[in-house]
Every structure is written in structure tokens, then in C-alpha cells.
1. When a/c is below 1.5 the answer is rounded, else prolate if a/b is larger than b/c, else oblate, so apply that to the stretch 297-347 with a ≥ b ≥ c taken from the square roots of the Cα gyration tensor eigenvalues.
2. From the square roots a ≥ b ≥ c of the eigenvalues of the alpha-carbon gyration tensor of the stretch 235-339, which class results: rounded (a/c under 1.5), prolate (a/b over b/c), or oblate?
3. In what sequence, largest accessible area first, do W321, W288 appear using a 1.4 Å probe?
4. For the stretch 220-316, what % of the accessible area comes from carbon and sulfur atoms, probe 1.4 Å?
5. Of all GluC sites (Glu not before Pro) in the stretch 198-281, which ones are in loop regions per DSSP and have a Cβ with at most 16 other Cβ atoms within 10 Å?
6. List the residues of the stretch 266-308 whose backbone N lies under 12 Å from a point placed 7 Å from the Cα of Q333 along the Cα-to-Cβ direction.
7. What shape does the stretch 263-323 have by the C-alpha gyration tensor, where a ≥ b ≥ c are the square roots of the eigenvalues, rounded means a/c under 1.5, and otherwise prolate means a/b greater than b/c and oblate the rest?
Amino acid sequence: MKKIILLSLLASLPYNSSHASNHANEPTADQSQTDKTDTDNTQAETAATRVAPKPRADLQRDLALLLQNSLTQVVQLSALDQQFDLYYLEAEAKKPVGSILFFPDDRGHSNWPVTLAPLREGLPRYDWQTAVITQPEPVLAATPARTSYADTPATEQDTGDDPAAEDSIVQPNAQASSASELAGDNSDAVSDPTLAEITIARASAASQMLKEQSPLLILIGIGQGATWATAFAAGIDKSAKDNTRLLLINAQQSEDISAPKLIELIGDLKIDTIDIYSQRQNSSSYPWQEARKRAANRSEMENYMQIAAPNSAWSRSGNNWLFRKVYGLLKNQVLKPLQQKAAEAAAQPQPAKKRNQRPGSNSNN
């Protein structure tokens, strides 16, 4: 009997030891709660310090670093209390014949290799100084939210005396009222400047810098950048319109929510404008070039010229054609008329200078 009791005691020893070790390794309730709280705090700090990505700003910073090893100067300017980069190239001549300010396409960047970069880098060889403004990311209109509808319309019997149905009807109104209250609370908040305000302010700062070297300013808008170039040109003072020209290259309407309508801006122009366009391959597309021409005719612009370009002009293969066309237009349509006007003014007889004479003296002596 004693042997049986001894064997049973020996058999129970491994189980008790393993059970005690498992309980020893288990964390207490207080420790579990503390660890959970620390984890939640860490996640909250991570979410609070997370910075939203800005791909356009990162791209411009990379471009600025890349251009430091080239002839392009990355000039820091300020507008609306914001710092921005201006990609500036000096003319090869000591005194430039004029300045060119580029407005890049919203869908590209300020050193886009097609259309923009060949003009920006090539025209300084012919004594033009060039500059390109940098812009933030455009804000596009939000995609309308997809609405859902009930498979079976509610009837009076379904919603007559059902409390749940009444809640479903009242709840959207409560949400609308709360949304309106939030909107009212934020109405006094200072809103950030729009892309339109930023672009006009930056173009003003850039043009002031360029005019220090030459009073002649050419505004070139490429693609959707034509909207911003036209908006800036429409606000130019009448005293400066004689030394300002506008060149639109493949003009398109900007999709930013703050962008003005390009067609309406054409009617407000008071300066000479050249519009280089190409007919869309799809014949059913809207003839925007005709709309721009009609807007110019209705406003009785003195000089609005349209030039048709091949569709290949907006590709790498058409860079050479576009550069030669733009250079020829600047030479024949801008510089030559200004030079002739200056020569005519110099050829006119100058009025004789008046001499101060004493009273009673003979002017013939």
C-alpha cells in the first residue's frame, strides 16, 4: 500500500512543476494593461508626427540640386511670404535683347525636357535671358462621391409607425446640421492662397527681377501654363504693354479649381499675342483655337496672330521645329518692329533747344 501511494506522488510531481512554471510566465493583469497603454501612446505619437507627402516639392528640390551643376542659376525669390525657385539663364551677350518668362504646364515641371527645356536653354544663345517660375501642385476638383440607393423604395407602410425608420430619416438631417455648424466655426479661419494667387504673385516677382536687365518682356505659356500666362498678361498695366508680348504654345485650360477661364481672359488682353496651336487629330473635339480667335476678334485686339503647327511639335521630334519657329517669331514679329520704331523716332528732327536771353537782346546777334 505504501508503494502505491509513493508511486502516485512521484507521478504528480512533473504536472505540478509544469503548471507552476506556466503560471509564473503569464503576465499579470496590471502588466498587460500597462503594455497596451504604452503601445497606444506610441501609435498616437507616430500618427501625430506623420507628414503628408508632397511629390511636387520633392521633385523641385531634386531639380534644384541637379541644375546646380549646369549654367542655370536657381534664384530664390519670395512672394506671398513664400520662398520659391526661379530657374534663370543669362544671355550670352552683356546686354540682353529682352527677357522671356516661361509658365510651365501644370502636368509637368519647370524643366520639362519636351518643348520647355529646348526653348529655355536655346534662346540665351541668341541674346535672350530666360526664366521659369516654379509652382505648387494644382488642386483638382474632387470626384463626386458615388451615391447608393435602396433596392426597393420605402413605402408609407414601411415607415409609418416604425421607430427605426424615423431614426433613419432624422439622422441625415442631424448630420447636415452638424456639418453646417462645423463650416460656420471654420468660416473665420484664414484660408491658404490659391494657385492662381500664388502664380500671379510669383510672376510679378520674377518679371521685376528680369526687367532690371531689359525692359522688353515676353510671356510664354506652355500647355495648361497658357492659362496662367494669359491671366498675368491680362492684368498688366497699360504703361507696360508696349514692352510686353504674349506667346501661347499649345494653349490649354488649366484644371486647377482656382484657374480662370482661358477664353474669357483672351477677351481682356491688350497686348500683342501669338497663338501657336495644332488641330486635334480627333475631328469631333471642340475647336478651342477657333474659340480663342473669336474672343480676340470680339475684343478688337490690335494684333492677335494664330500659327498652325504639326502635331509632332509637342514631342521630342518636333523640338527643333518649335525652336526655329519661336526664334523666328521673336526676331521678326517682336524685335524688328521695335527696332524700326526706334529708328523712326531717331530720324525725326529734334526740336531746337531754347536759350535763355536777357530782356531786350536781339536773338539774331
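The values are calculated or read from the model by the stated rules, or taken from the named source; none is laboratory data. Only a predicted model underlies this, so the values are computations on that prediction, with no experimental measurement involved. Note that we place each Cβ from the backbone using ideal geometry, even for glycine, and neighbour counts take in every protein chain shown. Only protein heavy atoms, including side chains, enter the accessible area calculation; ligands, DNA and RNA are left aside. Shrake-Rupley method; radii C 1.70, N 1.55, O 1.52, S 1.80 Å.
1. In terms of gyration-tensor shape, oblate.
2. Taking the square roots of the gyration eigenvalues as a ≥ b ≥ c, the stretch 235-339 is oblate.
3. Listed by decreasing accessible area, they come as W288, W321.
4. 44
5. On the way: sites: E212, E255, E264; in loops: E212, E255.
In loop regions of the stretch 198-281 (DSSP not H, G, I, E or B), the sparsely surrounded GluC sites (Glu not before Pro) are E212, E255.
6. The answer is 272-277, 303-308, whose backbone nitrogens lie closer than 12 Å to the label point.
7. Judged from the Cα gyration tensor, the stretch 263-323 comes out oblate (a/c at least 1.5, b/c at or above a/b).
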